C-alpha cells in the first residue's frame, strides 16, 4: 500500500483526510461536553437529536450538492467547504442555547454532505488502476478506524490542561489544514457533459442510476446489514459495559477499540482478498458475520461467566465484517458509471447509506431503551438478515462488466449503435454496461 504515497496528489489528499478526520473526532468529544453544559442530564437527548439532524442533512443535501458542484472547479469546491466547516466549528464554543447547536450542526453536516462524496469521487480519477484504487479504499478505511482510536487520546491530553473549547479550535484547525493541503494538490478537472436536463432531473439522476443498477441495489441492502451492526456497537456499547457488566469508562473505550481493531484487520487483508475473491462474495460474507454476531449478542448477559470477554470477541468480529462490507463499495460505484456521473453516484451512495443508518440508529437507541438489549440485537439481526437476502436476490452471482443488450429507442446511424447488428427494428450489441442516457434500465438475459 505504501507505494501509493509516491503519487504526490494522493499523498496530500490522504493527509488532508486524516487531519480532517482527527478534527471531526475532537468535535465529537467537544459536542458531548457542550451538550452537558447546556442540558445537564438531558445531554443524551440533545446528542441524539443532533445525530438525527446529521443524518437528515446527509440524506437531503448530498444529491443537491452533487449538482451544484458541477458549476465549480473541484479544488475550489473542496477548499471552500473545508473553510465553511472550520468557521462553523469555531462558532460552536460561543453558543448558549440548545437550538443553536442544532442549527450549527445542520450547517456543518450539510457542508460535510457536499464535501465527502466530492472527495471520494476524486480518488478514482487520481488512481485509475483498480489495484491502486482498492488499496486506497483500504487506507481510507484504516484512516477512519484509527481516528476512532486516536482522537479520544488527543482529546484527553488537551482536556488535561484546557477546557473543551480548545477541542473546537482543534477541529477548526484540522479543517483549515485540510484546505491548505488540498490547495497544493493538483486535482483533475471534473468530467462534464452537455446537460439540458432540469435541476430536479439532475438532482435525482444519481439515485435513479444507482437504484437501476443490480450490484448497487445489492450494495444498498448490504449497507443495511453493516449499519445494523455498527449502530448496535456505537449506541449500546456504553449500556452493555456500564449497565450489564458494571464496567468503567475505560472499558467502554476498550470495547469500542475492539470494533475498530476488527475493522482495521479486515481493511489490511482486503486488497489481497479481493484479488482472488469477487466483491459480492467478500461483502456478503462480511454481512453474514455481522448477522451471526448480532444473534449471539442477543444472548450476552451478566449471567455469562465470560460475558465480558464474549462481548469483546463479538465486537471485534462485527468490526471485521463491517469493513468487509463497506471497504469495497467504492469499487462497485466506480465500475457502475461513466466518469462524468461519478460524483452523482457517490452522492447517492452517501445519501442512501445514511438513510440505513437513520433507521438502525433509531432501532438501536429507542428499542434498546424501552425493550431491552436482547430484543434490540435480535431486531437488528433481522434487519441485517433481510439486507443479506435482498442482496442475494437483486445482485446476480454472475455480474460481468460487458453485457449483451438491445436498443429499440435509437435510430439507424446513431453513433452509439454503429457496431450493433440489426434484429428486426432493434439493434443488439455488447459493451461495458452502465446506466446512462442511452441505457435507462438493466438488460434482461439475452
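In nm, to one decimal, how far is the modelled label at residue 161 from the one at residue 37, with both set 7 Å along Cα→Cβ?
Here the answer is 2.0 nm between the modelled labels.
Using the Cα gyration tensor of region 346-446, with a ≥ b ≥ c the square roots of its eigenvalues, what is the shape: rounded (a/c below 1.5), prolate (a/b larger than b/c) or oblate (neither)?
prolate
Relative to 2.2 N^0.38 Å, what does the C-alpha radius of gyration of region 206-398 come to as a ratio? Two decimals please.
That works out to 1.04 for region 206-398.
How much length, in nm to one decimal, is gained on full extension between residue 296 and residue 252, taken as 0.36 nm per residue of separation minus their Cα-Cα distance?
Result: 13.9 nm gained on full extension.
Rounded to a whole number, what is D in µm²/s for region 325-393 from Stokes-Einstein with the Kirkwood radius over alpha-carbon pairs (20 °C, 1.002 mPa s)?
It diffuses with D of about 154 µm²/s by this estimate.
Rounded, prolate or oblate for region 1-101? Axes are the square roots of the Cα gyration tensor eigenvalues, ordered a ≥ b ≥ c, and the cut-off for rounded is a/c under 1.5.
Taking the square roots of the gyration eigenvalues as a ≥ b ≥ c, region 1-101 is prolate.
In 10 Å bins starting at 0, how do the alpha-carbon pair distances of region 255-344 split up by percent?
So the P(r) values, bin by bin, are 17, 39, 27, 13, 4, 1.
Over all alpha-carbon pairs of region 1-190, lay out the pair-distance distribution in 5 Å bins, whole %, shortest bin first.
Histogramming region 1-190 at 5 Å steps yields 1, 8, 15, 19, 20, 16, 10, 6, 3, 1, 0 percent.
Highest mean first, what order results for 217-227, 277-287 on Cβ atoms within 10 Å?
217-227, 277-287
Between residue 242 and residue 211, what's the calculated FRET efficiency when r is the beta-carbon distance and R0 is 41 Å? Round to 0.05.
So, using R0 = 41 Å, E works out to roughly 0.50.
Expected output is a single nm value to one decimal: the length gained when fully extending between residue 72 and residue 404, i.e. 0.36 nm times separation in residues minus the C-alpha distance. What is it?
115.8 nm
Given the Cα atoms of the chain, and with Rh set as the inverse mean 1/r over their pairs in the Kirkwood sense, what is Rg to Rh to two decimals?
0.98
What's the ranking of 319-327, 383-391 by average number of surrounding C-beta atoms within 10 Å, highest first?
Descending packing order for the listed peptides: 319-327, 383-391.
Over 5 Å intervals from 0, what percent of Cα-Cα pairs in region 87-244 sits in each interval?
1, 6, 8, 13, 18, 17, 15, 11, 6, 3, 1, 0
Does anything in region 112-153 have its amide N under 11 Å from the 7 Å Cα→Cβ label point of residue 7, and if so which residues?
Only 122-137 pass the distance filter.
Rg over Rh of region 400-446, using C-alpha atoms and the Kirkwood radius, what does it come to?
Across region 400-446, the Cα-based Rg/Rh ratio is 0.91.
How large is the Kirkwood hydrodynamic radius of region 114-182, counting all unique pairs of alpha carbons, in Å?
Answer for region 114-182: a Kirkwood hydrodynamic radius of 14.3 Å.
On C-alpha positions alone, give me the angle between the axis of helix 8-39 and the longest principal axis of the chain, in degrees, nearest 10.
Result, in degrees: 40.
Throughout, read-outs are computed from the coordinates displayed, never taken from laboratory work. Computed from a predicted structure; not experimentally measured. Methodologically, a virtual Cβ is constructed for each residue, glycine included, from the backbone with ideal geometry; neighbour enumeration extends over all protein chains shown.
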